[in-house]
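What follows draws every value from the coordinates through simple rules; no lab data is involved. None of these values were measured; they are calculated from a predicted model. Cβ coordinates were reconstructed from backbone atoms using ideal geometry, including for glycine residues, and neighbour counts include every protein chain displayed.
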Amino acid sequence: MFDRSDVFHVRNDISKIIGSKVKLETNKGRQKSIISRGTVTNVYPSIFTVQLSEGPDTSRKLSFSYTDVLTNTVEITLCD
């Protein structure tokens with residue numbers, strides 16, 4: 001879904017989905033991953049934020065850098 005050729009393209013692709021519901025799979029190393037769902041809320045020059053929409057703490061926001069997406073540390077999938 002995302003053009004992973006450079007950070008500029010990743011940032012542009014994520015800025016197009018502000019307000020969309022996404023599923024995030026975060027690689028924590030040693031075959032551990034965390035799956036969370038939320039809405040992309042803001043895009044900044046170095047990071048983007050996601051407001052969680054499920055779980056016990058729905059007021060929680062997560063932030064990720066564009067290099068996380070570029071290096072496949074975070075995988076983003078649009079939800080329908």
Checklist entry - What aspartates and glutamates could a cross-link reach from Lys32, if we take a straight Cα to Cα line under 16 Å and drop same-chain neighbours fewer than 8 places away? => result Asp68, Glu75
Item to check | Net length gained if the chain between Gln31 and Gln51 were fully extended (0.36 nm per residue, minus Cα distance) | outcome: 4.7 nm
Next on the checklist: Let me check I've understood the local charge: for Cys79, count other residues with C-beta under 12 angstrom from its C-beta, Lys and Arg +1, Asp and Glu -1. What total comes out?
Outcome noted: +1
Next on the checklist: Using only the alpha-carbon atoms, what does the chain span along each of its principal axes? Please give whole angstrom values in decreasing order.
Outcome noted: 35, 32, 24
